[in-house]
1. Starting from the Cα-Cα distance between C:Val240 and C:Thr111, subtract it from 0.36 nm times their residue separation and give me the gain in nm to one decimal.
2. Let me know the whole percent of all Cα-Cα pairs from the range A:1-136 that are separated by more than 17 Å.
3. So for A:Glu161, A:Glu150, what's the accessible-area order with a 1.4 Å probe, most first?
4. About the Cα centre of the range C:125-242, how large is the charge dipole given +1 on each Lys and Arg Cβ and -1 on each Asp and Glu Cβ? Please answer in debye to the nearest 20.
5. Name the chain C residue with the Cβ nearest the axis that maps C onto A: which is it, and what is the distance in angstrom?
6. May I ask which residue of A:Gly169, A:Gly9, A:Pro90 lies farthest towards the positive end of the charge dipole of chain A, with charges of +1 (Lys, Arg) and -1 (Asp, Glu) on Cβ and the Cα centre as origin?
7. At 7 Å along Cα-to-Cβ for each site, give me the label-to-label distance between B:Glu24 and A:Asp157 in nm.
8. Taking the label point 7 Å from Cα in the Cβ direction, how far apart in nm is A:His154 from each other copy of itself, listed shortest first?
Amino acid sequence: MIVLFSDFGLSGPYIGQVKAVFAEIVPTVPVIDLFADAPAGDPRAGAYLLAAYDDVFPAGTIFFAVVDPGVGTARLPVIVLADGRWYVGPDNGLMALVARRAAPATVWEITWRPPHLSASFHGRDLFAPAVARLALGEAPPGRERAGLAEPMPHWPDDLAEIVYIDHYGNALTGMRAATLPAQARLAVGGRELARARTFGELPPGSAFWYQNSNGLAEIAVTGGRADRALGLGVGTPVTVIG
Amino acid sequence: MIVLFSDFGLSGPYIGQVKAVFAEIVPTVPVIDLFADAPAGDPRAGAYLLAAYDDVFPAGTIFFAVVDPGVGTARLPVIVLADGRWYVGPDNGLMALVARRAAPATVWEITWRPPHLSASFHGRDLFAPAVARLALGEAPPGRERAGLAEPMPHWPDDLAEIVYIDHYGNALTGMRAATLPAQARLAVGGRELARARTFGELPPGSAFWYQNSNGLAEIAVTGGRADRALGLGVGTPVTVIG
Amino acid sequence: MIVLFSDFGLSGPYIGQVKAVFAEIVPTVPVIDLFADAPAGDPRAGAYLLAAYDDVFPAGTIFFAVVDPGVGTARLPVIVLADGRWYVGPDNGLMALVARRAAPATVWEITWRPPHLSASFHGRDLFAPAVARLALGEAPPGRERAGLAEPMPHWPDDLAEIVYIDHYGNALTGMRAATLPAQARLAVGGRELARARTFGELPPGSAFWYQNSNGLAEIAVTGGRADRALGLGVGTPVTVIG
């Protein structure tokens, strides 16, 4: 299974051109859109999302993981094998949390280059063909490295910020709920929020946080949009109390 | 064929995780996105949409039908067989119109539970696997009931409200056009609109209503957006004149 | 391979109903979403997009190309064969640039009609089945014509306007970069922009133009949105200097 994680947007011509590469080379492999709207140009927020949402996919899954504001500059193209799953994309921090949490991760620099490599769309020209080769069962088209060039040791294990606003206006933090005290309160947007189990428990308009279905601490408002009600966006800091 | 009808949003990680379940269990069954943006948390509006848009799909189609603001509370998970098509989702009114218009519908409560059931994402954990089982040709994983627990008898057969705003700004009502007088006018947003056959017939900027390609009465403005021109949104009431 | 190019929107029920036609008739043919958000009701902007984004697809690709504000009026439904690729949609200018750049193009009027043809959704009822027939290897279901009824000779070979705003806020022009002088500057939104190779070369906040990965001249701002920074939208004129 190939899983797409990017900031390309579902609309527009980018995801389609990537999928066309798969349709030509590995037409029978399922391709799943996970995130096409990871925060644009923000590999740090994306790193915490990717490391939270990969767990539900089976071993052997190949992630096309591309949030690449430095496309065309010197950052390395890499392949990471972590806990049985493959990740293909730029070495700019996007895979730093995946690699850190694995035991251990193996990293290859992609040294293969396509006959035609555009300056601005390595997703289509370089990363998608590399994903397709892995899906064909080929070896990583590159050389093994000791680790990521950009492991981002200064990034925390869990990020006390909003990393994504979803379709309902819920605000996902970069913190795994399991790392927080059971009765922790989260201070965000000038409010202190208690924990709840799910949406149905509280009266309409209540703001709360809960462990979402992929394990992240998430902020929500029953019957409303937390982003608007609390003034939240990607990058808004969160403070853990208790 | 599996058809997705939900308020999950096309972007973000929800639809992808549902499709990953199908890719693992029934990888060769086509999966069609019908609505990923049914009105959020509004099973009533969704019920009229679902009952209008299912007709174009062949017998044997399985609808993943999930608009589920009460996830994690006591509402039943159900499977409905109506006019040869299957519907899997919460018993919260979303399937009330489908069941009412069928002759007759058969209802099962889903009693099967997955090894891991999150509190907030039954779409992925419960409903998607139930859909996949039906797609494999298995019997409904539950027990037959006399009918829906929430048949919503107080909901009208046709809803004189806006139930959806589409990509062009057209406003779909919950009324089947065939139930309206041929020369009916619709009063909405302070205007009275006459019927037209299609967009090409009227000068630019004209507001009108017409029978859309799925049978609903729909309000449009030639060369413009009806939602903005007339101030329409989901829930705006419509009055039939004549 | 079937490629979808339309203004139907990815959300809502339109693309899904088109794909359901393919799932029934040609379930094993890959279907790629290229643009579902071509400028709404604007076949002129769409014509320059389509003619720029078709090149990356192999011979034999069938484009479902439908931007059709005149649906239900007298415009012809056509099939165009240009440089080995097929295009199915309305003869309203949308395929004018594709046909003009081919050497030469062959055109058929679609004379086949389905048992049920709605007044407003020929994409589902007429064009999608015609695409499916071509994907089955059948001959075009119509009669050959000398050319398009609407070849739009007054439209320029390259359009000095913004034809699309992408997910990042980048503004695509209708001009092929290869037709511009190497050192050309583009005047747009009250600014004069120099050419750059890609995003990584300039300090954050810099506005520039570059040849995008499909060959169009595109306007961007490093680390920002060109549409907001420069006040650009579909239709904004661009002037080439030098």
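1. Details: separation 129, 0.36 × 129 = 46.44 nm, distance 4.31 nm.
Contour length minus Cα-Cα distance gives 42.1 nm.
2. Numbers: 4869 of 9180 pairs.
So the pairs more than 17 Å apart make up 53 percent of the total in the range A:1-136.
3. Working: A:Glu161 40, A:Glu150 80 Å².
I get A:Glu150, A:Glu161, largest accessible area first.
4. Values: 10 positive and 12 negative charges, 53 e Å.
Roughly 260 debye, rounded to the nearest 20.
5. C:Leu10, 3
6. Of the listed residues, the answer is A:Gly169.
7. Distance between label points: 2.6 nm.
8. Sorted ascending, the copy-to-copy spacings read 6.0, 6.0 nm.
The values are calculated or read from the model by the stated rules, or taken from the named source; none is laboratory data. Since this is a predicted model, take the numbers as computed values, not measurements. Counting neighbours? That spans all protein chains shown, and the Cβs are built from the backbone with ideal geometry, glycine included. Calculation scope for accessible area: heavy atoms of the full protein, side chains included, ligands and nucleic acids excluded. Shrake-Rupley method; radii C 1.70, N 1.55, O 1.52, S 1.80 Å.
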